[in-house]
Amino acid sequence: MDDLYREVIIEHYKNPGYRGSLDPNDITFEDENPLCGDHIKIDLRVGEDGKVTEAAFDGHGCAISQASADLLLESIIGKDVNEIKHLTKTDVMDLLGIELGPVRLKCALLPLKILKAGVYGLGEATDDLLEDGQA
Amino acid sequence: MTIYNVEKIREDFPILGIEINLGIPLVYLDSTATAQKPASVIEAMDDYYRNSNGNIHRGVHYLAERATAMYEGARAKVAAFIGADKPKEVIFTRNATESINLVANTWGRAFLEKGDLVILTEMEHHSNLVPWQMLAEEKGLRLEFIPVTDDGDLDQAVFDQLLEQNPKLVAFVHMSNVLGTINPAKAMIAKAKRAGAITVVDGAQSVPHFAVSVKDLDVDFMAFSAHKMLGPTGVGALYGREELLDKMPPYMGGGDMIRKVSLRSFTPNELPWKFEAGTFCIAEAIGFGAAVDYLSAIGMDDIAEYEHKLVQSAMVKMKTIPGLEIMGEKAAHRGGVISFTLPGIHPHDVAQILDQNGIAVRAGHHCAMPLHDRFRIPASSRASFYLYNTEEEINHLVVSLQKVVKMFS
């Protein structure tokens, strides 16, 4: 019955591998979920070949949003920035490996929205970013 | 006084018998968001649609007359419940939010001017904040706020200072939906009146939980919602003193709110219909009346006493959980609301894990972001109690909270 809080989620929440900030960085973006006050900032360093070399997130929020951020950043190290543009909601759900209701889904997807808004250089993290391609 | 029989009361609420997962009974601790409904309320609305549905105030046929009598009967019940002198001083609205918007948009638009001082408080629900911010923006009003002390009370000394600055309006919440603080409304209203201000009380949490008399409070306007007091969603009420309501322009234009209409002008209807444009939520108003009947039959003093015992017990038991902090724990008078935080555990996670144990609590800022800013926390979890909650449910909450702490330790 505690499926939502699989060990991997609690573990990434309590001991995140990518918490922190990168200064200087090549890409940075932050935003929040106004409904619950979750706030996340993501910094990336990108190599000359266009691939992510380092990533970090900071902020506060629930276990789902924080674990989602940590898992997401772990998954993009070494990836081409253009590949990040194609990440979708499904990729995040695969990383988390849980089923979420509509309210908690927003927590889980906040990091992806912020990451993609940063990569695209947009002013805000909108729901359109949860689909593939240009918002 | 008859003995308070919570098990018998619970039998009146069909939803309290459901299981939310296989074998996990529902423990509903979110009545501050919306209360559950007794069968009598559901049946009153069902009966209206089955046997009495007709449009009110206009028709002369059997159903129209019957529906009108039921609708106006509900108004009389609600008026009596809050100690109003006359039913016409009770305006039906959609909810407390609309009631406050009505005052801001009619009385406020007509009688407030640029530079006028409006006193609010730091513990307001957004519904008693945003309508005044919107009006302030439009008219250039000055908004000042009574601060909240660390204990969770309003700072009366600052209120006294603000009252010396010629306020035109004082609007405050009777009972906080986050802290549970019950503000000394009668004394605050008396002071505000001496200073020459009109008073607005947000009674959304007080009217459902203890006996509130507008006459005793001597308040000018009071807003409340049916759905937080065992009634349906979609209907609420504004109490207003007759001489103030009389002077106010209408709120929305349309049918029912007029006496006479020509192509270029209209004459507004008399009270209370002047403020009730269009076909109203008739079934819901009748349900509201049934809710008031139900509460009155049990007795508001008995309900308040029972809830007080419950919340005191819940606070003692919850405090045994390491690190758990209760917002406004030390407020001088508090009702059945406990908002709390656990170190290192986000309220969403608390609420979600409690949900998996069958317990419904609220997590977030509870429509009071400035108050959470005041206590420097982004969000909290909130357990709230009503006449149908039990000591066993509190025990289940405490055991489940212990599980939450263990999971994150």
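Numerical summary
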quantity: Antiparallel content of DSSP bridges confined to the protein assembly as shown, in %, to 5; calculated: 70 percent
quantity: Cα pair distances exceeding 13 angstrom across the range B:138-185, given as percent; calculated: 62 percent
quantity: Estimated distance in nm for a label pair at B:Val261 and B:Asp150, the labels positioned 7 Å out from Cα along Cα-to-Cβ; calculated: 5.9 nm
quantity: Test item: B:341-351 mean partner chain Cβ contacts at 10 Å; calculated: 5
quantity: Proximal lysines to A:Lys85, defined as alpha-carbon separation beneath 23 angstrom and excluding residues fewer than eight positions away on the same chain; calculated: A:Lys41, A:Lys51, A:Lys106, A:Lys113, A:Lys116
quantity: For the protein assembly as shown, size of Cβ-based charge dipole, Lys and Arg +1, Asp and Glu -1, in debye; calculated: 1700 debye
quantity: Unit charges at the beta carbon, dipole of the range B:42-296: most positive-side option, B:Ala67, B:Ala285, B:Phe224; calculated: B:Ala67
quantity: Counting DSSP beta bridges with both ends in chain B, the antiparallel % (nearest 5); calculated: 60 percent
quantity: The range A:42-101: radius of gyration and largest Cα-Cα distance (Dmax), Å; calculated: 12.2, 40
quantity: Cα gyration tensor, the protein assembly as shown - rounded (a/c under 1.5), prolate or oblate; calculated: prolate
quantity: Over the range B:335-399, equivalent-ellipsoid semi-axes from the Cα gyration tensor in Å; calculated: 21, 14, 9
quantity: Sorted peptide list for B:247-257, B:302-312, criterion being average Cβ within 10 angstrom, highest first; calculated: B:302-312, B:247-257
quantity: Once the Cα gyration tensor of the range B:110-251 is diagonalised, semi-axes √(5λ) in Å; calculated: 22, 19, 15
quantity: Relative contact order for the range B:42-296, counting Cα pairs under 8 Å that sit 6 or more residues apart, in percent; calculated: 25 percent
quantity: Listed residue pairs exceeding 24 Å between alpha carbons, taken from B:Lys37/B:Lys77; B:Lys37/B:Lys317; B:Lys88/B:Lys260; B:Lys88/B:Lys247; A:Lys14/B:Lys406; B:Lys191/B:Lys309; calculated: B:Lys37/B:Lys317; B:Lys191/B:Lys309
quantity: Shape call, the range B:1-57: gyration tensor on alpha carbons, a/c limit 1.5; calculated: prolate
quantity: Under the span-like rule (Cα at least 20 Å along the axis, Kyte-Doolittle mean at least 1.0), DSSP H helices of chain B; calculated: B:282-298
quantity: Two-decimal Rg to Rh for the range B:42-296 - Kirkwood Rh, Cα set; calculated: 0.99
quantity: Protection-proxy order for peptides B:229-235, B:190-196, A:54-60, each taking the mean of Cβ atoms within 10 Å per residue, highest first; calculated: B:229-235, A:54-60, B:190-196
quantity: From the C-alpha gyration tensor of the range A:3-125, square roots of 5λ in Å; calculated: 22, 15, 14
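No lab work stands behind these numbers, since they all come straight from the coordinates. Keep in mind it's a predicted model, so treat the numbers as computed, not measured. Cβ sites come from the backbone with ideal geometry, for glycine too, and all protein chains shown count toward neighbours.
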